[in-house]
Amino acid sequence: MTREEARELLAAYALGALTEEEREALEAHLQDSPDLRRELAEFLETTAALGEAFRRAEPPLDLRERILSATQEPAPKVREWWRPALALAAALVVLLGGLLLQTQREKQALRVRLDQQEELLALLASPAARVTDLQGRVRGQVRFVYDPGRGMGALVVRDLQDPGAGFVYQLWLIRGGQADSGGVFRPHPGQTVVLPVRADIGRYEVVAVTVERGPHGVARSQNQPVLVGRLRI
């Protein structure tokens with residue numbers, strides 16, 4: 001069995017549609033091919049995810065036997081249409097898996113944005129809420145909204161220039177010589193970015209923003225702030 005022949009059988013293996021002879025030949029080939037094993041794992045994960053997501057009914061018990069019987073028949077016409085049809089089925093599995101993953105990510109991102117908006121609205125509605133504008137060496141509208149008594153804050157960012165490929169902005173809460181990270185973010189053109197902050201804000205004096213290497217920023221910054229704002233506690 002050649003490498004290309006083995007690759008053509010991966011989708012069929014994941015769907016359980018190989019003959020015993022083909023399955024054994026493929027498994028023997030996979031022993032020496034880590035790349036094909038990874039491809040097979042992707043097929044298996046996708047089919048499993050689709051099965052869980054759509055909770056389809058179990059197929060008839062004799063379906064696999066009928067498929068195996070059909071593939072074992074020597075008629076060339078059966079083999080000619082069977083493989084293209086199987087390739088199409090495999091492509092649909094991958095496509096649906098990609099769409100499902102994209103939908104799940106979009107729902108998660110939407111949920112995060114809604115939670116941030118609710119938290120910001122609650123913060124703005126607080127009679128103790130205060131606002132500090134951050135000023136510095138980069139262009140943009142950056143404000144820190146906070147309620148010292150409730151330990152809630154949010155950095156609201158709009159039209160801030162891009163920090164550069166591979167870099168992020170990092171928020172710091174500062175008191176004396178102590179600086180604690182408030183999180184990292186990247187601006188999005190034309191969109192307002194909200195970075196929620198949960199901390200004992202009443203104990204800090206200054207908020208600042210630095211540019212750090214992404215995606216997670218640093219524990220202790222060695223860089224000078226590009227934006228600074230003083231808190232009114």
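The values are calculated or read from the model by the stated rules, or taken from the named source; none is laboratory data. Given the structure is predicted, the values throughout are model-derived calculations rather than measurements. Cβ coordinates were reconstructed from backbone atoms using ideal geometry, including for glycine residues, and neighbour counts include every protein chain displayed.
Tallying residues that are modelled with pLDDT of 70 or more and within 30 Å of GLN104 (Cβ to Cβ) within segment 19-60 yields 9. The set of residues in segment 137-172 being part of a loop (DSSP other than H, G, I, E, B), of a type in the set (A, V, I, L, M, F, W, C) and surrounded by fewer than 21 Cβ atoms within 10 Å (Cβ to Cβ) consists of VAL138, ALA165. The residues of segment 149-173 that are in contact with a Gly (Cβ under 8 Å, 6 or more places away or on another chain) and under 22 Å from LEU231 (Cα atoms), listed by number, are GLY149, GLY151, GLY153, LEU155, VAL157, ARG158, LEU160, GLN170, LEU171, TRP172, LEU173. Among the residues of segment 177-215, those identified as surrounded by fewer than 17 Cβ atoms within 10 Å (Cβ to Cβ), assigned to a loop (DSSP other than H, G, I, E, B) and without any contact (Cβ under 8 Å) to a residue 40 or more places away in the chain are GLY177, ARG186, HIS188, PRO189, GLY190, GLN191, THR192, GLU205.
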